[in-house]
1. Filter the stretch 184-193 down to the residues that are touching a residue at least 24 places away in the same chain (Cβ under 8 Å) and in a strand (DSSP E or B) and list them by number.
2. Looking for whichever is among the hydrophobic types (A, V, I, L, M, F, W, C), on the phi < 0 side of the Ramachandran plot and within 14 Å of the ligand (Cβ to nearest atom) here; the options are L103, L59. Which one fits?
3. Within the stretch 194-215, restricting attention to residues that are farther than 15 Å from R227 by Cβ and free of Cβ contacts under 8 Å to residues at least 60 places away in the same chain, which residue is farthest from the ligand (Cβ to nearest atom)?
4. Return yes when G245 is touching a residue at least 60 places away in the same chain (Cβ under 8 Å), closer than 19 Å to D106 by Cα and within 16 Å of the ligand (Cβ to nearest atom) and no when it is not.
5. Just to be sure I understand the filter: pairs with C-beta atoms under 6 Å, separated by 6 or more residues or on different chains, first member in the stretch 45-64 and of a type in the set (S, T, N, Q), second member away from the ligand (no atom under 12 Å from the Cβ). Which pairs pass?
6. How many residues are small (G, A, S) and either within 16 Å of the ligand (Cβ to nearest atom) or within 19 Å of V172 (Cβ to Cβ) (or both) if we restrict to the stretch 106-118?
7. Among the residues of the stretch 80-109, how many are among the small types (G, A, S), touching a residue at least 60 places away in the same chain (Cβ under 8 Å) and in contact with a Phe, Trp or Tyr (Cβ under 9 Å, 6 or more places away or on another chain)?
8. Please list, ordered by residue number, the strands (runs of 3 or more DSSP E) wholly in the stretch 57-139 having 1 or more residues that are in contact with a Ser or Thr (Cβ under 8 Å, 6 or more places away or on another chain) and surrounded by fewer than 19 Cβ atoms within 10 Å (Cβ to Cβ).
Amino acid sequence: MLVGDIDVHPIADGTFRASPSYFGDHVTAHGHEDFFSRHGHAWLPIGCFLVRTGSHVVLVDTGMGPAMRDDGPRMLVGGQLMAGLRAIGVRPADVDAVVLTHLHTDHCGWLFDLAGQPVFPRADIWFGAADWPKFVLDPQSTMFDHTRHGLQSADGGRLHLVEADTTVVPGVDLTMTPGHTPGHLSVVVSSGVSRALLLGDAIICPVQLDEPDWQSIGDVDPDLARRVRERLFRELEGEHTWGAGAHFPELQFGRVLAGEARRWIG
Ligand SMILES: [Zn+2]
């Protein structure tokens, strides 16, 4: 995917299997058989995006890491990000910045190794400040211990706790999109007249355009998450604005065709 002069390369770290109840107790596969296509489940990627601006390399989300988790409505199996980076000739030390859309385990898995050492040794780390107390300081949170330990002992100068819209490097900006988590943010890649939004879990899948009541089981504030989704869908009506979430099928970019019957086009 080229956004003006900037290359945005999707890489799947693994698989996220979601049952209808992941999207809410009221959701069934009926009418969405093509989405819940295998044994009644949706098989979605655990996505990361490598953004190469020409002067900087920015990794957006770091997948689940070599781990798995099964809590019923969702099953996550990660581990492929490093192979995906190797396949395109990118070494961990090439990455200048890592942006985490939020601090759920399937987005910060490859941030630190099991000893709590940074996997991307030169990279600054950017994420929403409001996720810090929720995930890092709360020992009951879902965060893996080595990730919590890594963040707590990281060089403070490397950590950027984001409280408002800001710029990471020229062409890569962050916009606050809370609701899924308190500090959730999305990434705006822009070059010339072209823009791409990397949505994290602010929109889990394009089906939510037609099904605004489909939530994520992980939304901490479902009402706010829904309002933010609607705001983002509106932004994706722009002719030069494309978007992809971390769990979009095939990590494919799309946008919204405005009009009487709004629909998603990929
Ligand atoms: Zn996720």
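Taken together, the values in this text are just the output of simple stated rules run on the coordinates, not laboratory data. Just so you know, these numbers come straight off a predicted model, no measurement behind them. Here the Cβ positions follow ideal geometry from the backbone for every residue, glycine too, while neighbour counts run over all protein chains shown.
1. L185, S186, V187, V189, S190, S191
2. It is L103.
3. D210
4. Spelling it out, G245 is indeed touching a residue at least 60 places away in the same chain (Cβ under 8 Å), closer than 19 Å to D106 by Cα and within 16 Å of the ligand (Cβ to nearest atom).
5. Every condition considered, the pairs that remain are T53/I6; T53/G171; T62/W110; T62/L111.
6. Here the count works out to 1.
7. Total meeting the criteria: 2.
8. On the way: elements: 57-60, 68-70, 74-77, 97-99, 124-128.
In the stretch 57-139, 68-70, 74-77 are the strands (runs of 3 or more DSSP E) which contain 1 or more residues that are in contact with a Ser or Thr (Cβ under 8 Å, 6 or more places away or on another chain) and surrounded by fewer than 19 Cβ atoms within 10 Å (Cβ to Cβ).
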